[in-house]
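Report on one structure; see the data block that follows.
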Amino acid sequence: MVTGIIYDDRYLQHKTGHHVESPDRLIATMNLIKEMNLLESSDFTLLEPKMATVDEIKWVHDEDMIEKARLTSLKAKGGKLQCLDLGDTVLSEESFDVSLLAAGGAITAVDAILEGKVDSAFALVRPPGHHANQFRSSGFCVFNNMAIMAEYALLQENINRVAIFDIDLHHGNGTSDIFYDRDDVLFFSSHQDGRSQYPGSGFPDEIGEGKGEGYTVNVPLAPGAKDDVVQEIFSQIIKPVFLQYDPDFILGSIGCDAHHGDPLSGLAFSFQGYGNYVKGFKEIADKCCNGRVALTLEGGYRVDNVAKIVVNILHALAGKELPFVEDATASGDNLKAYHRKLMKTLKKNLGKLWTF
Ligand SMILES: [Zn+2]
């Protein structure tokens, strides 16, 4: 089994000034990958991302929004950083091209699997993408890399159903919006509850609409939730839904900001919690779609932790033992009871389509 790592130094050229979403996130990650000699091992291979075309970005985004990103990036000429949208998405002169390369990296991850070069892949890209919807860049995201990779996968003749998991601290609202009325994409997001975290959405009654009803699954976790709660929800809700959906490809939005050490986090995942979470999806992929899993990087802001989480996830994809294991504590009784109640609600809301 070979796992592809998609990376290019050009991802560092998206400059954001004093901002948590900084090039250091990828520098630290690649340094750790190199320090551990992963690229010399036969389990991993480095792949060069292709550049997405504007036509490929148009699969999911409105033309005006793409043009706004291009013009804003142009305005940043000479080092004058610019803000897109509400001000949290900062662009430098190079950002428009780097955003095309981020979307292209996501496409490359799917392509490398389809071509049989690798069995699974992780696109280590920035800027991230999952908060960008059809009409708006936001939350540090310019284009929705995940949605573009899903559309690319669905263009293939033998791929009719794609399942996406999003395990960032924040609800993947952009991806959710894009596929909300579709049944060819199953979208699952676990995130810190929107009542205490950006972007304030992703509640259990948001289950999709029209043809897409039942194909959006939101698990808003209470602040403080640890690995044990996530594992229980995975086996009782997520695994049955994914297995019944029987996808032809599984895609994952990986945010490392749900770790207990992240400066933005109200959740408390551990290093091995992340590895085991992804391992669960890989096992579903082994059953449904020849193990085809392609991931793309979203958030995560304590850079040394981002590096360790990414390395653990790479090992999970490659079927190897996780190198980073920390002392993990259990969620208290109140948190366990809260999430059991949440699971009951989810089973009720989704019971029309799925059997639990
Ligand atoms: Zn996030």
Could you tell me whether SER73 is part of a loop (DSSP other than H, G, I, E, B) and either hydroxyl-bearing (Ser, Thr, Tyr) or over 13 Å from VAL142 (Cα atoms) (or both)? no
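Here's a check for you: in segment 9-26, which residue that is basic (Lys, Arg) and more than 19 Å from the chain's Cα centre (by Cα) is surrounded by the most Cβ atoms within 10 Å (Cβ to Cβ)? Give the derivation first.
Step one: filter segment 9-26 for residues basic (Lys, Arg), giving 10, 15, 25.
If we keep only those that are more than 19 Å from the chain's Cα centre (by Cα) too, we end up with 10, 15.
Details: ARG10: 15, LYS15: 18.
Going through the qualifying residues, I end up with LYS15.
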Just the residues that are under 19 Å from ASP227 (Cα atoms), touching an Asp or Glu at 6+ places or on another chain (Cβ under 8 Å) and part of a helix (DSSP H, G or I), please, taken from segment 293-310. ASN305
State all residues of segment 120-167 that are open to solvent by 10 Å² or more (accessible area, probe 1.4 Å) and not in a loop (DSSP other than H, G, I, E, B); if no residue qualifies, say none. GLU151, TYR152, LEU154
Given (1) within 16 Å of the ligand (Cβ to nearest atom); (2) over 19 Å from ARG25 (Cβ atoms); (3) not in a loop (DSSP other than H, G, I, E, B), index of the condition PHE96 fails: (1)
Sort through GLY224, GLY214, GLY255 and tell me the only one that's open to solvent by less than 10 Å² (accessible area, probe 1.4 Å) and more than 16 Å from the ligand (Cβ to nearest atom). GLY214
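Report whether or not GLN272 is of a type outside the set (Val, Ile, Thr), in contact (Cβ under 8 Å) with a residue 24 or more places away in the chain and within 16 Å of PRO323 (Cα to Cα). So that I can check it myself, show each step before the final result.
Working: of a type outside the set (Val, Ile, Thr): yes; in contact (Cβ under 8 Å) with a residue 24 or more places away in the chain: yes; within 16 Å of PRO323 (Cα to Cα): yes.
Yes, satisfied.
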Scan of segment 60-106 for residues that are open to solvent by less than 10 Å² (accessible area, probe 1.4 Å) and among the hydroxyl-bearing types (Ser, Thr, Tyr), ordered by number: SER73, THR89, SER92, SER95, SER99
Working carefully through the options ASN290, ASN276, find the one that is out of contact with any Lys or Arg (no Cβ under 6 Å at 6 or more places or on another chain) and either assigned to a helix (DSSP H, G or I) or within 16 Å of the ligand (Cβ to nearest atom) (or both). ASN276
Only one of (1) closer than 25 Å to HIS19 by Cβ; (2) more than 15 Å from the chain's Cα centre (by Cα) fails for ASN145. Which number is that? (2)
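Look at segment 231-240 and say how many of its residues are open to solvent by less than 10 Å² (accessible area, probe 1.4 Å) and either part of a loop (DSSP other than H, G, I, E, B) or within 23 Å of ASP119 (Cα to Cα) (or both). Reasoning before the result, please.
Pass one, segment 231-240, residues open to solvent by less than 10 Å² (accessible area, probe 1.4 Å): 233, 237-238.
Checking which are either part of a loop (DSSP other than H, G, I, E, B) or within 23 Å of ASP119 (Cα to Cα) (or both) leaves us with 238.
The total comes to 1.
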Is one or more of the residues making up segment 197-205 open to solvent by 30 Å² or more (accessible area, probe 1.4 Å), more than 19 Å from the chain's Cα centre (by Cα) and in contact (Cβ under 8 Å) with a residue 40 or more places away in the chain? yes
Any residue that is open to solvent by 70 Å² or more (accessible area, probe 1.4 Å), assigned to a strand (DSSP E or B) and either touching a Leu at 6+ places or on another chain (Cβ under 6 Å) or not acidic (Asp, Glu) (or both) - is there at least one of those in segment 27-34? no
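Scan segment 241-252 for residues that are aliphatic (A, V, I, L, M), open to solvent by less than 10 Å² (accessible area, probe 1.4 Å) and either within 16 Å of the ligand (Cβ to nearest atom) or assigned to a helix (DSSP H, G or I) (or both) and report the count. First the steps, then the outcome.
Initially, segment 241-252 is screened for residues aliphatic (A, V, I, L, M), giving 241, 243, 250-251.
Then keep just the ones that are open to solvent by less than 10 Å² (accessible area, probe 1.4 Å); that gives 241, 250-251.
Going one step further and asking which of them are either within 16 Å of the ligand (Cβ to nearest atom) or assigned to a helix (DSSP H, G or I) (or both), we end up with 241.
The total comes to 1.
With ASP183, ASP193 as the choices, which residue is more than 16 Å from the ligand (Cβ to nearest atom) and without any contact (Cβ under 8 Å) to a residue 60 or more places away in the chain? Please lay out each step first, then the result.
On the way: ASP193 fails: more than 16 Å from the ligand (Cβ to nearest atom).
Every option except ASP183 fails the conditions.
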Can you tell me which residue is farthest from VAL217 (Cα to Cα) among those in segment 310-351 that are at pLDDT below 95 and open to solvent by 90 Å² or more (accessible area, probe 1.4 Å)? ASP327
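Which of the residues that make up segment 35-59 are farther than 21 Å from PHE122 by Cβ, open to solvent by less than 70 Å² (accessible area, probe 1.4 Å) and outside any helix (DSSP H, G or I)? Can you show your working first?
Residues of segment 35-59 that are farther than 21 Å from PHE122 by Cβ, as a first pass: 53-55, 57-59.
Next, from what is left, pick out any that are open to solvent by less than 70 Å² (accessible area, probe 1.4 Å): 53-54, 57.
If the condition is that a residue be farther than 21 Å from PHE122 by Cβ, open to solvent by less than 70 Å² (accessible area, probe 1.4 Å) and outside any helix (DSSP H, G or I), then THR53 is the only one that fits.
The values are calculated or read from the model by the stated rules, or taken from the named source; none is laboratory data. Just so it is clear, the structure is predicted and the values come from calculations on it, not from any experiment. Glycine gets a Cβ as well: all are built from the backbone with ideal geometry, and neighbour counts include every protein chain shown. Ligands, DNA and RNA are stripped out before the accessible areas are found, and what is left, the full protein with its side chains, is counted by its heavy atoms. Shrake-Rupley method; radii C 1.70, N 1.55, O 1.52, S 1.80 Å.
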